[in-house]
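Every number in this text was worked out from the coordinates using simple rules, so none of it is lab data. Note that the coordinates shown come from a computational prediction; the quantities given were computed from them, not determined experimentally. Quick reminder, even Gly has a Cβ in these numbers, built from the backbone with ideal geometry, and neighbours come from all protein chains shown.
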Amino acid sequence: MRNLSIVIIGAGPRALNVIERLCWKIKENPHLPAITVHLVDPGVAGAGAHPPDQSRLLLTNTLASQVTSFSSINPEDPRSGPSGPSFTEWARAQGYRRMGMSYEKAGPDEGDPIGDLDYLPRAMLGEYLAFSFRRIVEQAPARLKVVEHRQLAMEIAKGGKAVVLENGSQLAFDGLIVATGHCETMPGIEDQKRLDFVNTQRDKNPRLAYFPCVYPTGQLATIDPGTTVALQGLGLTAYDVITELTLGRGGRFTGTAADLRYHPCGQEPKIRLFSRQSLPYNARGINQKGVDGGHVARFLTKQAVEVARHKRRNETGDSRLDFEQDIMPLLRKDMAFGYRSAKLGMEPDVDGFQPTDEENAIIDRILFPRHLLEKPDLASFRRDIIAHMREDLKEALKGNLSSPLKAATDTIRDLRAGLSAAIEFGGLLPHSHAYLVEQFIAMTNRVTFGPPLIRNAELLALIDAGIIDWAGGPGAKVELDETHGCFTISTPFSKGLTRTKADVLIIARVSGHRPMQDKRGFSRSLIAHDLARPFRNGDYQPYGLDVNRSLRLLRQNGTPSPNAWAIGYVTEGARFHTHALPRPGRPSTQLQDAKILVDDLLETLLSEPEHSIQTT
Ligand SMILES: Cc1cc2nc3c(=O)[nH]c(=O)nc-3n(C[C@H](O)[C@H](O)[C@H](O)COP(=O)(O)OP(=O)(O)OC[C@H]3O[C@@H](n4cnc5c(N)ncnc54)[C@H](O)[C@@H]3O)c2cc1C
């Protein structure tokens, strides 16, 4: 029996979960061969998409108390207690304290202690993940060795048995794990057109610039004060841009979230917002459910999804679901249940629960805010959007149990098990999968997975200070204006077309992984060597590499790859919601995925004759 060589590409949170699980397996089973894990990533091991050296102004949108990298001491027994600190516990132990609006290491008499309701900077999350990696590796059994390679993986070699690194060296593997998460994407046709436009028109307008990707946000330092910046996308990435261009330039906020004021520093550009619908994200309600509390799914459960599948199979011979017809009514019912519970101050009887007409109308208004979208001109759109943001902030300040509206939207966070059962591994009809990716995810991101409420308070203060405004409304489009050498954002309102000119266009969006557009070429090489294929659902191709339920990469003909697995965000497409981090005290899909992958990997590799286990 010789050592197993496992190569993991990408050293983000998911790789961490896999290494922790391998440690557990080796501790548990003295008959397993020694394992060498080669961890390949140019970045800080553990941190992944959260580099510790990024701006400390950028916040996580997850409460730090609800983030952990560690499983239970005995992963099979959640009652055995956590094997490591949560993000908050680590931050406190490191001496971090809240100093006004920032977080710094400080003495016990300075600032305030970090509490369970703090959203900490992503740079600190990177430090925490790097600490978690070191700790897991330090405590690894002697028979598990982790070798770090601070390199990019470029391609597959030796007929699918080795990986070529950026420096040309090759790593042979028995098993390959792809955990490349948020891979960088090559510029698309539209991006290239805009980049060419900037290159040819800059003599007319020296401020002209195009940023197809926001990260690293340090690149935005090249934008001059007074420039007009059109920011496309109003999600979490947009908040990073706004923070960088205001607070990051020396501006200040004073007051509280309920009444915040911005004091400009004079270095800010003018920021003009728009997106497909040009609707802002709703703020997260203050968490009143405790660190491990949450909504218990009553209607959108795994069992209900199974019943819906069974019905479809009986009626049509095809068990794939139609998301809008089969799942949305269940989701709306859970939302209504959350809404009524908050309104009554107690849970209603589940049996026979039906949303009232009034509750249905309220949920419709949350999910499909036609009252905000159908406006005659930009002035009225802008006025009503700002009024909506102020109302939404008031609700968020009441909390996710006290505000019926926030209680309703917060239920969606805890419906992931049912949603995954419906969506994953091609569980939806292709047209319905397209609806999910292109409509539903954007909608729930806007209503449920928005920023910490302080970010919307800041947005309102920046609007009051004249730094931020709307560039357009629903259906806004970008045009290239060769006459003036600028971008134009045009919106067709019923009273006529509105046009806003901008020197700089920033795309504030983190898109899913498109294997054929992987900037590094690694996913393309996996596909070229028939270790993987892009995920497709019929004629719809969303994102990600295709995997089966054991997280084995699937080859061109749909058979499992003999020696390659994938985990995390790179599989979003076949999987759903792979980007959340594990929560302390709650069952975790991420940790469960690591278990599934490691079990299958060891079983597969150990069934090969040269690795078979010696039991004496
Ligand atoms: C800007 C941003 C903010 C986010 N904020 C939050 C948040 O606040 N809360 C939350 O829960 N989630 C957040 N996420 C979601 C994020 O997906 C998860 O937190 C988590 O990082 C996903 O883990 P992962 O291991 O799948 O991928 P990643 O964290 O993306 O790690 C993948 C790693 O693979 C490496 N890699 C890629 N290609 C190669 C290659 N060819 N060779 C070698 N290495 C390679 C990358 O360098 C990276 O380190 C955020 C994501 C982004 C992009």
TODO: With a cut-off of 11 Å, note down the residues of the range 292-310 whose backbone N falls inside the zone around a label point 7 Å from the Cα of Q592 toward its beta carbon.
DONE: 302
TODO: Have a look at L397, P348, T316 and report the one farthest towards the positive end of the charge dipole of the range 302-447, computed about the Cα centre with Cβ charges (Lys/Arg +1, Asp/Glu -1).
DONE: L397
TODO: Please work out the Cα center distance from the range 166-184 to the range 1-78, rounded to the nearest Å.
DONE: 15 Å
Task: the range 196-204 - phi-based ³J(HN,Hα) in whole Hz, Karplus 6.51/-1.76/1.60, Gly and Pro as x - done: 5, 4, 4, 4, 7, 9, 5, 5, 7
Open item on the list: Quick check: net charge around A230, other residues with Cβ under 13 Å of its Cβ, Lys/Arg +1 and Asp/Glu -1?
Closed with: +3
Open item on the list: Helix-only estimate, please: 222 nm mean residue ellipticity of the chain, summing -39500 (n - 2.57) across DSSP H runs of length 4 or more and dividing by its residues, to the nearest 500.
Closed with: -10000 deg cm²/dmol
TODO: Excluding residues fewer than 8 places away in the same chain, name every one of the aspartates and glutamates whose C-alpha is closer than 17 Å to that of K161.
DONE: D174, D530, E608, E610
TODO: Place a +1 charge on the Cβ of each Lys and Arg in the range 280-379 and a -1 charge on the Cβ of each Asp and Glu, then give the dipole magnitude about the Cα centre in debye, rounded to the nearest 20.
DONE: 260 debye
- [ ] Quote to one decimal, in nm, the extra length available between L344 and D292 on full extension: 0.36 nm per residue of separation minus the C-alpha distance between them.
- [x] 16.4 nm
Open item on the list: Can you tell me how the range 1-104 classifies by the Cα gyration tensor, rounded, prolate or oblate, using a/c under 1.5 as the rounded cut?
Closed with: oblate
Open item on the list: Run the simple label-point estimate for R413 and R56 please: 7 Å along Cα→C-beta, distance reported in nm.
Closed with: 2.6 nm
- [ ] Provide the FRET efficiency to the nearest 0.05 for the K311-H31 pair, computing r from the beta carbons and using R0 = 45 Å.
- [x] 0.45
TODO: Work out the length of the dipole vector of the range 187-247 about its Cα centre, built from +1 on the beta-carbon of each Lys and Arg and -1 on the beta-carbon of each Asp and Glu, and round it to the nearest 20 debye.
DONE: 180 debye
Open item on the list: Just to check I understand the Karplus step: with θ = phi - 60° and J = 6.51 cos²θ - 1.76 cosθ + 1.60, what whole-Hz values come out for the range 290-307, glycine and proline as x?
Closed with: x, 5, 10, x, x, 6, 8, 4, 9, 10, 8, 9, 4, 5, 5, 5, 4, 4
Open item on the list: Taking the Cα centroid of the range 538-565 and of the range 380-452, what is the distance between the two, rounded to the nearest whole Å?
Closed with: 29 Å
TODO: Only Lys, Arg, Asp and Glu count, each charged at its Cβ (+1, +1, -1, -1), so figure out the dipole size of the chain about its Cα centre, rounded to 20 debye.
DONE: 280 debye
Task: Distance (nanometres) between label positions extended 7 Å along Cα→Cβ at A172 and Q556 - done: 2.6 nm
- [ ] Please label the shape of the range 352-408 as rounded, prolate or oblate, based on the square roots a ≥ b ≥ c of the eigenvalues of the alpha-carbon gyration tensor (a/c under 1.5 means rounded; beyond that, a/b larger than b/c means prolate, else oblate).
- [x] oblate
TODO: Could you sort 76-87, 331-342, 437-448, 45-56 so that the peptide with the highest average Cβ count within 10 Å comes first and the rest follow in order?
DONE: 331-342, 45-56, 437-448, 76-87
Task: Filter on K289/K595; K375/K495; K158/K519 - keep pairs with C-alpha separation over 19 Å - done: K289/K595; K158/K519
Task: Rounded D (µm²/s) - the range 219-343, Kirkwood Rh over Cα pairs, Stokes-Einstein at 37 °C, 0.692 mPa s - done: 172 µm²/s
- [ ] For the chain, give the share of DSSP beta bridges that are antiparallel, in percent and rounded to the nearest 5; count only bridges with both residues there.
- [x] 55 percent
Task: Phi-based couplings in Hz for the range 132-149 (Karplus 6.51, -1.76, 1.60; Gly and Pro marked x) - done: 4, 4, 4, 5, 5, 6, 4, 8, 5, x, 4, 7, 10, 10, 10, 10, 8, 10
Open item on the list: 5 Å is the cut-off here: which amide hydrogens, built 1.01 Å from N in the peptide plane, fall below it relative to S561, excluding neighbours closer than 5 in sequence?
Closed with: L553, L554, R555
Open item on the list: What distance in nm separates the two pseudo spin-label positions at Q94 and N199, each 7 Å out from Cα along the beta-carbon direction?
Closed with: 4.1 nm
Open item on the list: Let me make sure I get this right: for the range 302-447, a, b and c are the square roots of the gyration tensor eigenvalues over alpha carbons, sorted descending. Under 1.5 in a/c it's rounded, otherwise prolate if a/b > b/c, else oblate. Which is it?
Closed with: oblate
TODO: Give the long-range amide H neighbours of T498: residues separated by 5 or more places, or on another chain, with amide H under 5 Å away, using H modelled in the peptide plane at 1.01 Å from N.
DONE: T491, F493
Task: Dipole of the chain [Lys/Arg +1, Asp/Glu -1 at C-beta], most positive-end residue of L279, T604, Y339 - done: L279
Task: Chain lengthening between F353 and H431 when straightened (0.36 nm per residue, less Cα-Cα) - done: 25.0 nm
- [ ] Work from the charge dipole of the range 475-614 (Cβ charges, +1 for Lys and Arg, -1 for Asp and Glu, about the Cα centre) and give the residue of T578, T498, A476 farthest towards its positive end.
- [x] T498
